[in-house]
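The values are calculated or read from the model by the stated rules, or taken from the named source; none is laboratory data. Since this is a predicted model, take the numbers as computed values, not measurements. Backbone-built Cβ (ideal geometry, glycine too); neighbour counts: all protein chains shown. SASA here: full protein model, heavy atoms, side chains in, ligands and nucleic acids out. Shrake-Rupley method; radii C 1.70, N 1.55, O 1.52, S 1.80 Å.
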Amino acid sequence: AETTRAIHFTSWQFVAQGGFAWRDPAGGFLSPWSDTDAGARFEPGAPSGIRLVSQRPRRVRLPDGQHVPIVFEDGLYKTWYVRLPTREPPNENVPTGHNHCLCYATSGDGVHWDEPQLGLYELDGDRRNNVVFRGDAGGSIRGLHGQQVFRDPAGEPAERYKMVYLGKATAEELAAYRAAWGDEADPMALLPDGSAWALCGAVSPDGIRWQTLSQPLLVVHCDTGNCVYYDARLGRYVSYYRIWQIDWTAPAARETCGSVGRRSIGRATSRDFRHFSPPQVLIAPGADMPPGHVWYGPGKTTLPGCPDQHVMFPYLWKLDSDSMDVHLLSSPDGWAWAEVPGGPVLTPGEPGSWDGGYVV
């Protein structure tokens with residue numbers, strides 16, 4: 001079967017920048033060192049009359065029970081999603097909102113889904129469910145929040161699937177992390193009881209049987225949807241998440257982080273999916289934005305069949321109205337980003353409508 005090839009113009013990457021020329025009265029080229037400009041004529045050669053504009057999608061309300069496919073393999077769509085227990089968890093060290101259960105479902109058409117009763121974990125006193133991972137199992141304080149599952153094209157069979165999520169590292173785990181990696185811990189992640197928020201990982205051969213990695217991948221406060229993938233060109237795992245842009249040398253920075261810092265989007269890399277480099281801020285609120293607008297949730301991916309065309313759908317949290325707009329950013333390499341002109345691609349609907357709250 002033929003493979004459809006396409007160029008997606010999300011940036012000027014595939015548009016020549018052109019140039020210009022200065023000519024003398026006879027039409028010859030003038031060099032920059034010409035001793036006269038009498039009669040010189042400027043000849044533009046740069047592209048003009050074209051512009052990039054993001055297009056707004058058509059929003060369709062999904063029916064109850066509909067899932068978003070994450071992986072297609074072996075003739076099946078597969079997805080991993082979360083739900084909360086309907087009762088408070090017995091583990092008081094895991095706050096509500098961080099005791100999510102990871103559930104698994106498959107579909108032959110992406111519309112009708114099978115939620116197998118796997119019997120692996122108890123949920124609300126019953127094992128007849130499709131739960132495949134609980135971060136609070138066995139009294140663990142890790143929890144599960146802001147997870148992402150992906151299939152690793154470079155992974156060993158036992159680690160074909162990988163997952164990242166926000167969890168809590170114990171004081172002992174934090175001490176071991178510091179012994180191994182020095183002072184890389186994000187100060188925003190440190191908690192009064194000696195534990196810390198961290199980017200945690202898990203691996204699986206089939207997406208059903210998961211093994212938690214014993215040490216945090218990175219001690220960082222990344223409490224929204226986290227993104228990670230394997231970049232074959234770099235030969236590294238690349239992660240994106242919400243962090244804080246903050247100068248910790250500022251006086252009383254910890255006490256006033258909400259005013260001297262801004263929620264931003266950062267990036268980190270890893271060779272082995274066991275430790276990620278300290279994150280660097282990629283996208284931060286600019287001086288052209290109101291002081292109460294901050295970036296949240298990267299929503300990063302590449303366009304289908306185009307690993308060199310990176311796009312991101314972060315949402316801009318507007319604290320002055322407690323609303324969120326989704327924007328479109330593009331990059332030729334996953335590092336240098338710019339917003340595609342045209343304004344937000346998604347905005348909330350009217351208050352009270354099905355999409356009248358957060359759209360992310």
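Using every Cα-Cα pair within region 168-215, state what percent have a distance larger than 18 Å.
Values: 385 of 1128 pairs.
Looking at region 168-215, the distances longer than 18 Å represent 34 percent of pairs.
Please determine, in degrees from 0 to 90 and to the nearest 10, the orientation of helix 171-181 with respect to the longest principal axis defined by the Cα atoms of the chain, where the helix direction is its Cα long axis.
40 degrees
Could you list the trypsin sites (Lys or Arg not before Pro) in region 14-110 that lie in coil according to DSSP, counting only those with at most 16 other Cβ atoms within 10 Å of their Cβ?
Within region 14-110, the qualifying trypsin sites (Lys or Arg not before Pro) (loop, at most 16 other Cβ atoms within 10 Å) are R51, R58, R59, R61, R87.
First select every other residue whose beta carbon is under 15 angstrom from the beta carbon of P57; then total the charges, Lys and Arg +1, Asp and Glu -1. Working shown, then result.
Working: positive: R56, R58, R59, R61; negative: D325, D355.
For residues surrounding P57, the net value is +2.
May I ask you to derive the FRET efficiency for D288 and I70 from their Cβ-Cβ distance with R0 = 51 Å, giving the value to the nearest 0.05? Write down the numbers at each step before the final one.
On the way: r = 35 Å, r/R0 = 0.69.
After rounding, the FRET efficiency stands at 0.90.
Please work out whether region 165-315 counts as rounded, prolate or oblate from its C-alpha gyration tensor, where a ≥ b ≥ c are the square roots of the eigenvalues and a/c under 1.5 means rounded, while otherwise a/b larger than b/c means prolate and anything else oblate?
Verdict is oblate for region 165-315.
Can you give the accessible area per residue of region 135-197, in Å², using a 1.4 Å probe?
That works out to 43 Å² per residue.
Dipole size in debye (nearest 20) for the chain around its Cα centre, Lys and Arg Cβ +1, Asp and Glu Cβ -1?
Working: 32 positive and 41 negative charges, 67 e Å.
It works out to roughly 320 debye.
When the Cα centres of region 115-159 and region 322-360 are compared, how far apart do they sit, in Å?
Measuring centre to centre over Cα atoms gives 30 Å.
Give me the Debye-computed log₁₀ of I(q)/I(0) at q = 0.14 Å⁻¹ for region 278-360, equal point scatterers on Cα only, no solvent, two decimals.
-0.52
What number comes out for accessible area per residue over region 220-354 if the probe is 1.4 Å? Units Å², please. Write out the running numbers ahead of the final one.
Details: 6050 Å² over 135 residues.
Accessible surface, normalised per residue, equals 45 Å².
Residue by residue, what Karplus-based ³J(HN,Hα) values in Hz, rounded to whole numbers, does region 93-104 have, using 6.51, -1.76 and 1.60 with θ = phi - 60° and x for Gly and Pro?
So the J values, rounded to whole Hz, are 7, 9, x, 4, x, 10, 9, 5, 10, 8, 10, 10.
Let me check something: with ligands and nucleic acids excluded, how do L234, L174 order by accessible area (1.4 Å probe), largest to smallest?
I get L234, L174, largest accessible area first.
How large a share of the accessible area of region 13-163, in percent, is made up of carbon and sulfur atoms when the probe is 1.4 Å and the other protein chains stay in place?
Looking at region 13-163 in its full context, I get 51 percent from C and S.
Residue farthest toward the positive end of the dipole of region 81-205, with Cβ of Lys/Arg at +1 and Asp/Glu at -1: which of W113, V203, A154?
Comparing the listed Cα positions along the dipole, W113 ranks first.
If the limit is 24 Å between Cα atoms, which of K78/K162; K78/K300; K162/K318 go over it?
K162/K318
Return the aspartates and glutamates within reach of K168: Cα separation strictly under 20 angstrom, same-chain partners fewer than 8 residues apart disregarded; answer none if there are no such residues.
Within reach: E88, E92, D136, D183, E184, D186, D193, D223.
Which shape class applies to the chain: rounded if a/c is under 1.5, otherwise prolate when a/b exceeds b/c and oblate if not, where a ≥ b ≥ c are the square roots of the Cα gyration tensor eigenvalues?
Cα axes put the chain in the prolate bin.
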